[in-house]
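What follows is one structure encoded as structure tokens, with my remarks underneath.
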Amino acid sequence: MSENPNTPINEAEILESFAVPPRTGRFKTVLNWIVREPFGTLGAFLIMLMVFVSVFAPVLNTTDPMGFGVDILQAPSVDHFFGTDRTGKDLWSRVLYGGRISLKIGLATVIIGTFAGTVFALLAGFFGGFVDFIFGRITDILFAVPTFLLALTLSTSIGADMPDLPGIPSGELVVIIAISVGFMPGIFRIMRGLVLEQRGTEYVLAAEVTGASQTRIMARHILPNMLGLMIVATSITLPAAILTESALSFLGAGVPPGSPSWGADLSGASRTYLMRAPWLAVFPGLALSLTVFGFNIFGDALRDTLDPRLRGKI
Amino acid sequence: MRNYIIRRLVSVPLMLIGLSLLLFLLLWVRPGSAAFGVAGGLSLDTDFERLEERMGLNKPWYEQYGMWLGKAVQGDFGNSLVPPQNSVTSQISGRVGNTIEIGLLTIIISAVIGIPIGIISAVKRNSKLDVTLRTITILGISVPNFWTATLLLVLPAKFFGWTPLSTDFSTFGEDPIKNLSIVIWPAIILAYSSAAYTARLVRSSMLEVFYSDYVRTARAKGLVERIVVLRHAFRNSLIPVLTVIGLQLGVILGGAVIAEQIFAIPGIGLLTYKAYLAQDYTVVLGTVMMFALLFVLVNLLVDLLYTVVDPRIRY
């Protein structure tokens, strides 16, 4: 890609750029993408690795991540790849199972946050007037609090009567809701702008003229055009949600005490032993950083591919 | 322009009142929780009821909120629920300076590092240097501050016997040099990721401006590239940069809760954290309102600065 306007003109290159590209198979498309976006590929690889170890954590030489052991504060060895903590818990197991929690909370947050944010934006942007006013003011109010503080406040104040869902204990559900609500104002604002933009286009007008119902216009004409931006919002929110979860758990306001969370493992009582056992400080943070890094570089490449207008913007 | 400023100035208190109502409902109106916080396990029914009565907790929530708001607009956020029940306002005013100092230092460091990196990245776009810088900036936004802060405490202590953690804190007024030598560490920890955000935004907004007509004109009339970059391209890419610095403050203030806790800095971040742990909801309400006030005011300032940076913008 020659962006530099000072590059000498190469006729063959220009002609080639106007040529109709040959049809490429799906496999070849993926292959092309890998060549064009080596960093994105690295990101995808890191994400797949993380998903793999999370899913197969039980068979990857782990023990119960919450189980105590007799080997206290052991340095990394063949028995304990990442060493053990002050109660003999195997850090390798905790890091692997910690991936499950991070991934679960990240995904759930994105699904709830992006979905709810988009629905609210669709309603506000489409109907305008009073609905827009109410949603807009609530967003303004939530926007006044820094996201992390909002999530912290919510996760420490809601939850006395949160139900257990299958696969998601109430303690984790609280965190998910807290982070989702924290991210919702941002998603709402971006999406609302897009709905307003769509609302003014000729094809929406045309649909209105032909007598399409409001639900149909929203579902068939506006929503499909929001998918790209929804994926972009997801690619930004997912790593941010994982970081927020670990930061909340680091402060003791996240997942229930004892749960294997990368943030929680860096905090609390284990901090007293960091000098004696520096591996306790290294591995959970390394796993967290690599995961977020993977999601970020993959998201970057995805944005470049999906929407060249956004290239390098976010 | 004047109308715009007036409208914004009116909207700020309205927004803060709305926020306080929301937080009040979230934190306060839960059966018995506040009185329980005070009693601290004292569970004799009679005492409990008397306590509730004294604190006004037996009144309906809107009366309680009205009482709180009436005092809050006069600058009185009530007393801490936890003994010794100090005034929330005096606790905040004694500490907010330290948090503002960290915030300011962080913004300065991140601008000084982030803006040049963004410019270099944009000028040398797609070169090896650019790819390297972009990788570093993505790393910067990926690596969590509480981890680097932890490593900063552990590794130098382990290998050099030195730690940035200080046990006795002194404010800037008391001992500027000592104060800076303590406060600089949380600022650096918070600054690297916001520097990375700033660099990414400067790069992309400069690239956009690079293809505009006036930059082409400036080049065509033979101006030195350095002048084109700094005077034509950079100044015009400042607006999104201003926006991001305003929004970054939100991330920085949120991070201050973590950084102040790790480095034991007595700011309102540490106050908030301790109040959460103790379920001291009057303090939580007060500090979150203070954070929101700082955040909203700075973003108001940013909006007004737009007109200075870009005379084309008129409200």
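Of the listed peptides A:201-211, B:252-262, B:96-106, what is their order by residue-averaged count of other C-beta atoms within 10 Å, with the highest listed first?
Descending mean neighbour count gives B:252-262, B:96-106, A:201-211.
Taken residue by residue and averaged, Cβ atoms of other chains lying within 10 Å of the Cβ of A:147-156 number 6. Remark: mean inter-chain Cβ contacts per residue of B:249-258 equal 5, using a 10 Å Cβ-Cβ cutoff to other protein chain atoms. Multiplying each eigenvalue of the alpha-carbon gyration tensor of the protein assembly as shown by 5 and taking the square root yields semi-axes of 41, 32, 28 Å, largest first, rounded to whole angstroms.
By the compact-protein rule of thumb, 2.2 N^0.38 Å, the alpha-carbon radius of gyration of chain A corresponds to a ratio of 1.21. Evaluated at 20 °C with a viscosity of 1.002 mPa s, what Stokes-Einstein diffusion coefficient in µm²/s does segment A:8-155 have when Rh comes from the Kirkwood expression over alpha-carbon pairs? My calculation gives 102 µm²/s for D. If the Kirkwood radius is taken over C-alpha pairs of chain B, then at 37 °C and 0.692 mPa s the Stokes-Einstein diffusion coefficient equals 146 µm²/s.
The three principal axes of the Cα atoms in segment A:181-269 give end-to-end lengths of 66, 18, 16 Å, sorted in falling order.
The aspartates and glutamates whose alpha-carbon is closer than 14 Å to the alpha-carbon of B:Lys221, local same-chain residues fewer than 8 away aside, are B:Asp213. Couplings 3J(HN,Hα) for segment A:35-48, derived from phi with the Karplus relation 6.51 cos²θ - 1.76 cosθ + 1.60 (θ = phi - 60°), are 5, 6, 10, x, 5, x, 5, 4, x, 4, 5, 4, 5, 5 Hz, where x marks Gly and Pro. Remark: relative contact order (segment B:176-315) = 24 percent; criterion is Cα-Cα distance under 8 angstrom and separation of 6 or more residues. If R0 is taken as 35 Å, the Cβ-Cβ distance between B:Lys124 and B:Ile100 corresponds to a FRET efficiency of 0.45.
Here the label points at A:Val78 and A:Met48, each 7 Å from Cα along the C-beta direction, are separated by 3.1 nm in the simple model. The distance linking segment A:124-162 with segment B:103-131 is 33 Å (Cα centroid to Cα centroid, whole angstrom). The share of alpha-carbon pairs in segment A:122-196 lying farther apart than 15 Å comes to 60%.
Rg and Dmax over the alpha-carbon atoms of segment B:206-266 stand at 18.7, 57 Å.
Read-outs: derived from the displayed coordinates by stated rules, not from any lab. These numbers come from a predicted model, not from an experiment. When we count neighbours, we look across all protein chains shown, and the Cβ atoms used for this are built from the backbone with ideal geometry, even at glycine.
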